[in-house]
Amino acid sequence: LRAMNTVLIVLLMQHFAKGTDQVAVLGSQARRIIASKDRFLCVTMDYWPSDKYSTNPDAHYPWRNSSVYTADFTNPTLRSALAALAPINLRVGGSLADQIVFNVSEGVSTECAPPLADTSDIQGYTQGCLPSSRYAELHSLCADTGCGIIFGLNGLYGRLPDPNSEEIWSGPWDPANAEALLRFTKDSGMDATLVGVELGNEIDGAAGISAKLSPDEYASSFTKLKALLAEVWPGGTDDDGGNKERPMLIGPDSSGFSDSWWFPQFLGNLSIQETELDVITWHLYFLGSGNSSEVAGEVLNATYLNLLAPKCQKHHDTLEPFTNGETTPQFWLGEGGGAWGSGQDGTTNTFLSTFWFADSLGTLAATGNDAFCRQALIGGNYALLQLSPDSNSLSPNPDFYLALLWRMLMGDVVLSAFARQEEDSMWRVGGNGTQGSLRTYSHCARLGDDDFSSFPLGSVAVVLVNLSEDSRSVDLLMLLETPIDNVRGIDKDSHNTEDMRYEWHLTSTSLESHETLLNGVQLKLDDADGTVQLPLQPIAVSASSPVSIGPHSTAFLVLPAADAKACL
C-alpha cells in the first residue's frame, strides 16, 4: 500500500561477549505512517451497560460505570490519561453501535433510554438511545483533553431482519437519524472534535455478528453517507485528512476481514459507485477468545506472535487493487483488544498483556497500518484504565504506560529493525513474522514540543521486547548507508563515546500484576488528585555501552545523536 523508500539506519551489535545473547538490531527501509495529525495510537469506548456479563472468574461485570453511558467524564484519572496520550483519537462505537439511535431527530422518542437486557437479541440487549446532552459531554471531554472523536453511526437504521434469521438484514439504510446527528454536531460547533464517522460495526457478510449485509447493499450505504457528509460539510476536508471541514469517512469495521469474497466485492462496489473511503478499517482480537486457557501462553510465544505479520500482508494484498484512486486511503486496525469477549482477567489487564500489545504496535506499524485503536480506554478486562471493583476510582494498567511511551517516543517514520540471536545465525526482521524471543522495532524518534520528547532531527527510537525469562545484553552501533548483506565487524571505537542514549525499561513485580515499574520504580498516580504523573523520566547512559534488558520486559531507547538520514 505504501512505497517503501530505501534508507538506512543500522543499529548493529558486533564483537559479542562470551555468554551474552548475540543480537543485532538493524534498520534498512522506512515507510511513513499517514494517520492524520500524528495519531497512530487510538483508543475506544463502548456502549455496554453496567450489567453486561462476562464469564471471566472474579470479573463478571467488567463494564460497570465504564461505557459511553456510564463513565464519569469528570474523573481526574480519565481526563489526565487522555491528555497524556493526546493528540489521540477516541473511537466511540462497538458491538451495540447498530442498536443506538439519537434523540436529536424528530422521529425518535423523547424517552431516551440506554439498551436494556434482552436474552432474545443476538447481542443480549434492546435498542438504546443516546441523549444529545451525553453526546455533547463526550465532545466536551475531548475538547478539554485533546482527543478527536471517531463516531460510529447505526448501520442497520431503516433495515429489516429476515423473518427466518435475525442475522440476515435487507433493505436500504435510512440516513435520517444520522443526518440529524451530523447537523446537530455542526450547528452546535462540535465538529471541531469530530475527526471521522463510521457506519456499522462488524455487520459484514458471513463474518458479521449483529448482521450479515451483502457487499453491494453495504457499499450503497457508504455512498449515501459520503453524499450526506458532502452536503453537511460542503467545504471538503483538510489536506491532511483532518476535521476542520468534513469528517473522514471510515469503514467498514469488518469482523476479521473476510479476504476470500466479501471484501473484494465490497471495495469493487465502492469503486463502481465512485465512492472512496478515507480510512479502511478491520478488527482483530489476535489472542482469540477471552475464555480460552491458551491466551496467557500466547502472549509470550514468539511463534504465535509471528502469525500477525502474514495476516496483515494478506489483507494488504486484498486491498491493493482497490487503492489506486485519486487519494490513497489510510488502513487502520479499527478495534483490537487482545482477546474478544471483554478480554481475559489476569492476562489482558496485567503486565502479561504488554508483550502482545508492544509486539502488535510494532508489527502493525511495520506492515502498513496507519492506526491501531486499542480496545478499550475503560471497560472490560482489557482496559488501559482499570476501575476499582469497590469504588469509582481508576488506575492505569501496565498497557497504559506502554501506550504512553509509544505515543511519547515513536515517530511516524518506521525503520526496518532486525535481530540475530545467539542460537540463530539468521537476521530476523521485526514485523515480518520471523522473530524470536527478542522482538525489535525502530522508528524515527518523535519530535515533540514537550520536555520528554524534544529530540533533534535524526534521532532514532528503538523498542526491544524480551519474551524470555533470561536477561539480555545488546550492544548498539550506528552504521549508515550499509546494505545488510555487507555488514561485517565494525570498530566500536568509531562511535562517539560522549553521545548519550536514553532508556525506559518497563518491568513488574510479577507477570500477573497490575503494577508497572519504570526503570525499577513503581509508577503511581498523584497522591493529591489522582492524575497521571508526567514526565516519564528515562535513565541516560553512554550510547556506546550495551543495553541490559531484564527478563520479561520491554525497553524503549532513544539515540539523539544517530543522525539518521531517514529521520532528517
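The values are calculated or read from the model by the stated rules, or taken from the named source; none is laboratory data. Only a predicted model underlies this, so the values are computations on that prediction, with no experimental measurement involved. Using ideal geometry, Cβ is built from the backbone for each residue, glycine included, and neighbour counts are taken over all protein chains shown. Each accessible area value is taken on the protein alone, full model and side chains, heavy atoms only, with ligands, DNA and RNA left out. Shrake-Rupley method; radii C 1.70, N 1.55, O 1.52, S 1.80 Å.
Which is within 21 Å of LEU229 (Cβ to Cβ) and either out of contact with any strand residue (DSSP E or B) (no Cβ under 7 Å at 6 or more places or on another chain) or crowded, with 23+ Cβ neighbours inside 10 Å (or both), of ASP98, ASP72?
That would be ASP98, the only listed residue that is within 21 Å of LEU229 (Cβ to Cβ) and either out of contact with any strand residue (DSSP E or B) (no Cβ under 7 Å at 6 or more places or on another chain) or crowded, with 23+ Cβ neighbours inside 10 Å (or both).
Taking into account only those residues within the range 461-488 that are touching a helix residue (DSSP H, G or I) at 6+ places or on another chain (Cβ under 8 Å) and either open to solvent by 20 Å² or more (accessible area, probe 1.4 Å) or at pLDDT 90 or above (or both), which is farthest from THR554 (Cα to Cα)?
It comes out as GLU481.
Matching residues to (1) out of contact with any Leu (no Cβ under 6 Å at 6 or more places or on another chain); (2) at pLDDT 95 or above; (3) farther than 14 Å from LEU333 by Cβ:
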{"site": "GLU274", "(1), (2), (3)": "yes, no, yes"}
{"site": "HIS283", "(1), (2), (3)": "yes, no, no"}
{"site": "SER289", "(1), (2), (3)": "yes, no, yes"}
{"site": "SER292", "(1), (2), (3)": "yes, no, yes"}
{"site": "GLU298", "(1), (2), (3)": "no, yes, yes"}
{"site": "TYR304", "(1), (2), (3)": "yes, yes, yes"}
{"site": "LYS311", "(1), (2), (3)": "yes, no, no"}
{"site": "LEU319", "(1), (2), (3)": "yes, no, no"}
{"site": "PHE322", "(1), (2), (3)": "no, no, yes"}
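Within the range 161-168, identify whether any single residue is modelled with pLDDT under 95 and under 29 Å from the mean Cα position of the chain (by Cα), and answer yes or no.
Yes, there is a match, as at least one residue in the range 161-168 is modelled with pLDDT under 95 and under 29 Å from the mean Cα position of the chain (by Cα).
Looking at the range 259-277, which of the residues that are closer than 21 Å to ALA227 by Cβ and touching a Ser or Thr at 6+ places or on another chain (Cβ under 9 Å) is most open to solvent (accessible area, probe 1.4 Å)?
Ranking the qualifying residues of the range 259-277, first place goes to GLU274.
Every residue in the range 536-561 that is in a loop (DSSP other than H, G, I, E, B), within 17 Å of VAL521 (Cα to Cα) and among the hydrophobic types (A, V, I, L, M, F, W, C), please.
Listed by number, the list holds a single entry, LEU536.
Return the pairs, sorted by first residue and then second, in which the second residue is small (Gly, Ala, Ser), the first residue lies in the range 349-377 and is open to solvent by 10 Å² or more (accessible area, probe 1.4 Å), the beta carbons are less than 6 Å apart, and the residues are 6+ apart or on different chains.
Correct list of pairs: ALA366/GLY431; THR367/ALA309; THR367/GLY431.
Considering only the range 206-227, state which residues are within 24 Å of the chain's Cα centre (by Cα) and farther than 20 Å from ILE100 by Cβ.
ALA207
Which of the residues spanning the range 383-400 are open to solvent by 10 Å² or more (accessible area, probe 1.4 Å) and of a type outside the set (A, V, I, L, M)?
Correct list: GLN386, SER388, PRO389, ASP390, SER391, ASN392, SER393, SER395, PRO396.
Yes or no, residue by residue, for (1) open to solvent by 40 Å² or more (accessible area, probe 1.4 Å); (2) at negative phi; (3) modelled with pLDDT under 90; (4) within 24 Å of the chain's Cα centre (by Cα):
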| site | (1), (2), (3), (4) |
| --- | --- |
| MET410 | no, yes, no, yes |
| VAL413 | no, yes, yes, yes |
| SER416 | no, yes, yes, yes |
| GLU422 | yes, yes, yes, no |
| VAL429 | no, yes, yes, yes |
| SER437 | no, yes, no, yes |
| ASP449 | yes, yes, yes, yes |
| SER454 | yes, yes, yes, yes |
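Considering only the range 43-81, how many residues are touching a residue at least 60 places away in the same chain (Cβ under 8 Å), within 17 Å of THR531 (Cα to Cα) and polar (S, T, N, Q)?
Residues meeting the conditions: 3.
Within the range 365-373, is even one residue among the hydroxyl-bearing types (Ser, Thr, Tyr), touching a helix residue (DSSP H, G or I) at 6+ places or on another chain (Cβ under 8 Å) and not in a loop (DSSP other than H, G, I, E, B)?
Looking through the range 365-373, none of the residues is among the hydroxyl-bearing types (Ser, Thr, Tyr), touching a helix residue (DSSP H, G or I) at 6+ places or on another chain (Cβ under 8 Å) and not in a loop (DSSP other than H, G, I, E, B).
For the structure I just gave you, tell me whether SER258 is within 20 Å of THR323 (Cα to Cα) and modelled with pLDDT of 90 or more.
no
If you take the residues in the range 328-348 that are farther than 29 Å from SER510 by Cβ and more than 13 Å from the chain's Cα centre (by Cα), which one is surrounded by the fewest Cβ atoms within 10 Å (Cβ to Cβ)?
THR328
List the strands (runs of 3 or more DSSP E) inside the range 115-173, counting only whole elements, that have at least 1 residues being open to solvent by 10 Å² or more (accessible area, probe 1.4 Å), under 16 Å from SER221 (Cα atoms) and not aliphatic (A, V, I, L, M).
By residue number, 165-170.
May I ask you to say which residue of GLU198, GLU179 is under 29 Å from the mean Cα position of the chain (by Cα), open to solvent by less than 20 Å² (accessible area, probe 1.4 Å) and either under 19 Å from GLY128 (Cβ atoms) or at pLDDT 95 or above (or both)?
Answer to the check: GLU198.
Within the range 43-56, is there a residue that is buried (at least 18 other Cβ atoms within 10 Å of the Cβ), in contact with a helix residue (DSSP H, G or I) (Cβ under 8 Å, 6 or more places away or on another chain), under 30 Å from LEU182 (Cα atoms) and modelled with pLDDT of 90 or more?
Yes, some residue in the range 43-56 is buried (at least 18 other Cβ atoms within 10 Å of the Cβ), in contact with a helix residue (DSSP H, G or I) (Cβ under 8 Å, 6 or more places away or on another chain), under 30 Å from LEU182 (Cα atoms) and modelled with pLDDT of 90 or more.
Identify, from the list LEU385, LEU364, the residue that is farther than 25 Å from THR77 by Cα, of a type in the set (A, V, I, L, M) and under 16 Å from the mean Cα position of the chain (by Cα).
Checking each option against the conditions leaves just LEU364.
Please tell me if THR327 is modelled with pLDDT of 95 or more, out of contact with any strand residue (DSSP E or B) (no Cβ under 6 Å at 6 or more places or on another chain) and β-branched (Val, Ile, Thr).
No.
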